[in-house]
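Undergrad: Below: one structure in structure tokens.
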Amino acid sequence: MSVLTPQSSSHFDVIIIGGGSLGQATAWQLGKRKVRTLVLEQFTFLNQLGSSGGVSRQFRIPYPEEYMVKLVKQSVPLWEELQALTPVPLQDKVGTLWFGDPTVHSTEGNIGEAEKALENQGVPFTTLDAGEIEKQYHFRNLPETYTGLFQPDGASINLRATLETLLQWNTLSSFVTLLDNAPVTTIVDNKTHFEVTTPQGNFTADKLVLTPGPFANSVFNLLNFQINATYWNMASAYFKVTQPGIQYPTWFVFQNPVDDHGSVNGNQFYGFPEVSWNYPGYVRVASDFVMADLSSPEQRTFVPNPKELGYTAQWVADHMTGLEPVPSFTSTCLVSLSTIKNKELLLGFAPEYVPNHHRITFCTTGWVGKFVPLMGRILSDLTVDGHTPYDISHFGARPNFFSAFTAAK
Ligand SMILES: Cc1cc2nc3c(=O)[nH]c(=O)nc-3n(C[C@H](O)[C@H](O)[C@H](O)COP(=O)(O)OP(=O)(O)OC[C@H]3O[C@@H](n4cnc5c(N)ncnc54)[C@H](O)[C@@H]3O)c2cc1C
């Protein structure tokens, strides 16, 4: 989709680099504020090559950190505002079930800590034992020691419809210009403005928003900084529903790695309900680990790791009911994760050693699908106002987040 017309100015208030869900959400918010915005995307809009590939994502409030619980709650009004733009439901509210070994402290946190954070933030949830989880949510053969919590506001996000809604609004906005097949290859800081080069032309802007997803460092390096990240090429599998009417919530199981597992990243699985907009008649179950991290997005293949799929199918066969135990479809999706503990998202201004860093904002890494409209708002606040009322102090450019860029010899 190239909607840049010859009449369009090549100077903009803001250029957004990266037209995935975060870039589109930021353009939506900037467009509403009448900020002349250009979105540059290296592939096509709605591509399946970055972190917004596939369809479903989990919206969940449980987090072990209170500030994350608060932030998810704060995203709700923004989701409602976005929902008002389309008749297509953007979320299927089936609740979140977190269960498993209560002693596990994983990349996602710990069940007890999440319960405390929910309590402190006044979020309703129900505590469950293994028997109750099996009886109410169709799981089976769970160890007796397993516990869980059910939080009713959790949902399956229709990320595809979310992106399409944003893209449609941006296409119609007279303040937003969209240009795809336009990889940014250089960025020159001309002190008063940035000059951005693509094979489709050069564009200038007063400010930049960088939302390049897992390709972050290839864009950040153009401004001489980079983040410390690792990359997961995650495998998902779709299992045919054999028991009509069975409905799972969105769920996540906490378990310690098993000896013969070989995974360096855990033994946890997550899943979704059957939804009308993603392989109806099937439910998606995935491993929340990879057998091996990638050190760059270029190492990614579109072939799911057979061991990850095998462990997922084994989990389904052992612990789920009403499903065929062999997956019918599979998919992969690439995500970048910060190497700092808990693999939080990175969000804020470019590090201080980058000239004009206060005119460059970015958001990358982590599980940000649930925050899409809110991140658009925060990035537009930072870009236009230089600050945001939301507490983003946990995600900013702390010294250990960045390492100086060293040019290859
Ligand atoms: C398997 C998987 C499961 C997930 N599950 C969840 C979940 O359950 N809940 C949750 O909250 N989140 C989840 N996430 C994370 C969530 O999907 C992402 O955080 C979210 O989609 C944000 O994407 P993005 O816009 O940052 O990146 P992307 O969608 O990757 O968009 C970035 C865009 O930038 C473009 N780009 C990069 N470099 C350039 C350049 N030089 N020039 C022009 N364009 C460029 C890319 O082509 C890409 O289209 C999951 C992610 C994966 C992969």
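The values are calculated or read from the model by the stated rules, or taken from the named source; none is laboratory data. Worth saying up front: this structure is predicted, and the values here are computed from it rather than measured. No Cβ is skipped: glycine too gets one built from the backbone with ideal geometry, and neighbour counts run over all protein chains shown.
Undergrad: Restricting attention to the stretch 391-406, does a residue exist that is modelled with pLDDT of 95 or more and of a type in the set (K, R)?
TA: Within the stretch 391-406 (the criterion being modelled with pLDDT of 95 or more and of a type in the set (K, R)), the answer is no, since none of the residues qualifies.
Undergrad: Still on this structure: Could you say whether any residue in the stretch 295-315 is in contact with a strand residue (DSSP E or B) (Cβ under 6 Å, 6 or more places away or on another chain), more than 10 Å from the ligand (Cβ to nearest atom) and part of a strand (DSSP E or B)?
TA: No.
Undergrad: When you look at P244, is it more than 16 Å from the ligand (Cβ to nearest atom) and either acidic (D, E) or under 25 Å from the mean Cα position of the chain (by Cα) (or both), yes or no?
TA: Values: more than 16 Å from the ligand (Cβ to nearest atom): yes; either acidic (D, E) or under 25 Å from the mean Cα position of the chain (by Cα) (or both): no.
For P244, the condition - more than 16 Å from the ligand (Cβ to nearest atom) and either acidic (D, E) or under 25 Å from the mean Cα position of the chain (by Cα) (or both) - is not met.
Undergrad: Does E344 count as among the acidic types (D, E) and modelled with pLDDT of 90 or more? Break it down stepwise before answering.
TA: On the way: among the acidic types (D, E): yes; modelled with pLDDT of 90 or more: no.
No.
Undergrad: Do any residues in the stretch 254-277 that are at pLDDT below 90 have Cβ atoms under 6 Å from those of residues that are assigned to a loop (DSSP other than H, G, I, E, B) and hydrophobic (A, V, I, L, M, F, W, C), where the two are at least six apart or on different chains, and which pairs are they?
TA: N256/V104; S263/F289; S263/M291; N265/F289; N265/V290; G266/F289; N267/V258
Undergrad: Oh, and also: Please give the number of the condition G53 fails out of (1) touching a Phe, Trp or Tyr at 6+ places or on another chain (Cβ under 7 Å); (2) within 13 Å of the ligand (Cβ to nearest atom).
TA: Single failed check for G53: (1).
Undergrad: Within the stretch 70-92, track down each residue that is outside any helix (DSSP H, G or I) and away from the ligand (no atom under 16 Å from the Cβ). Before you say what the answer is, go through the steps one by one.
TA: Restricting attention to the stretch 70-92, the residues satisfying the condition of being outside any helix (DSSP H, G or I) are 84-92.
Within the stretch 70-92, A84, L85, T86, P87, V88, P89 meet the criteria.
Undergrad: Where in the stretch 119-235 are there helices (runs of 4 or more DSSP H), lying fully within it, with 3 or more residues that are farther than 30 Å from T330 by Cα and within 14 Å of the ligand (Cβ to nearest atom)?
TA: Answer list for the stretch 119-235: none.
Undergrad: Looking at the structure I just gave you, is K116 within 22 Å of the chain's Cα centre (by Cα) and surrounded by fewer than 20 Cβ atoms within 10 Å (Cβ to Cβ)? Working first, answer last.
TA: Numbers: within 22 Å of the chain's Cα centre (by Cα): no; surrounded by fewer than 20 Cβ atoms within 10 Å (Cβ to Cβ): yes.
Considered against the rule, which asks whether it is within 22 Å of the chain's Cα centre (by Cα) and surrounded by fewer than 20 Cβ atoms within 10 Å (Cβ to Cβ), K116 comes out as no.
Undergrad: For the stretch 357-388, what are the residues that are at positive phi and surrounded by fewer than 18 Cβ atoms within 10 Å (Cβ to Cβ)? Break it down into steps so the answer makes sense when it comes.
TA: Step one: list which residues in the stretch 357-388 are at positive phi, which gives 365-366, 386.
Across the stretch 357-388, the qualifying residue is only G386.
Undergrad: In addition: Please determine, by comparing only the residues of the stretch 26-50 that are near the ligand (Cβ under 8 Å from one of its atoms) and aliphatic (A, V, I, L, M), which one is farthest from D385 (Cα to Cα).
TA: Filtering first and then ranking leaves L49.
Undergrad: Given the conditions (1) closer than 26 Å to H138 by Cα; (2) out of contact with any helix residue (DSSP H, G or I) (no Cβ under 7 Å at 6 or more places or on another chain); (3) within 16 Å of the ligand (Cβ to nearest atom), and given that I111 satisfies all but one, which numbered condition is not satisfied?
TA: (3)
Undergrad: What residue, among those in the stretch 183-199 that are surrounded by fewer than 16 Cβ atoms within 10 Å (Cβ to Cβ) and of a type outside the set (S, T, Y), is modelled with the lowest pLDDT?
TA: Step one: list which residues in the stretch 183-199 are surrounded by fewer than 16 Cβ atoms within 10 Å (Cβ to Cβ), which gives 185-186, 188, 190-192, 199.
Within this subset, residues satisfying the condition of being of a type outside the set (S, T, Y) are 188, 190-191, 199.
Numbers: V188: 97, N190: 92, K191: 89, P199: 96.
Step by step, filter the stretch 183-199, then rank; the result is K191.
Undergrad: Can you name the number of the only condition in (1) farther than 26 Å from V283 by Cα; (2) in contact with an Asp or Glu (Cβ under 8 Å, 6 or more places away or on another chain); (3) free of Cβ contacts under 8 Å to residues at least 40 places away in the same chain that D180 fails?
TA: (3)
Undergrad: Given the conditions (1) under 24 Å from N278 (Cβ atoms); (2) modelled with pLDDT under 95; (3) of a type in the set (S, T, N, Q), and given that S106 satisfies all but one, which numbered condition is not satisfied?
TA: (1) is the only condition that S106 fails.
Undergrad: So, one more: For F289, indicate whether it is aromatic (F, W, Y), closer than 24 Å to G109 by Cβ and assigned to a loop (DSSP other than H, G, I, E, B). Walk me through how you get there before you give the answer.
TA: Working: aromatic (F, W, Y): yes; closer than 24 Å to G109 by Cβ: yes; assigned to a loop (DSSP other than H, G, I, E, B): yes.
Criteria met by F289.
Undergrad: Here is a follow-up. Within the stretch 40-56, which residues are modelled with pLDDT of 95 or more and either in contact with a strand residue (DSSP E or B) (Cβ under 7 Å, 6 or more places away or on another chain) or buried (at least 20 other Cβ atoms within 10 Å of the Cβ) (or both)?
TA: L40, E41, Q42, F45 - these are the residues of the stretch 40-56 that are modelled with pLDDT of 95 or more and either in contact with a strand residue (DSSP E or B) (Cβ under 7 Å, 6 or more places away or on another chain) or buried (at least 20 other Cβ atoms within 10 Å of the Cβ) (or both).
Undergrad: Let me confirm something: among Y67, Y63, which residue is aromatic (F, W, Y), modelled with pLDDT of 95 or more, within 13 Å of the ligand (Cβ to nearest atom) and over 19 Å from N158 (Cα atoms)? Please lay out each step first, then the result.
TA: On the way: Y67 fails: within 13 Å of the ligand (Cβ to nearest atom).
None of the other options fit; the residue is Y63.
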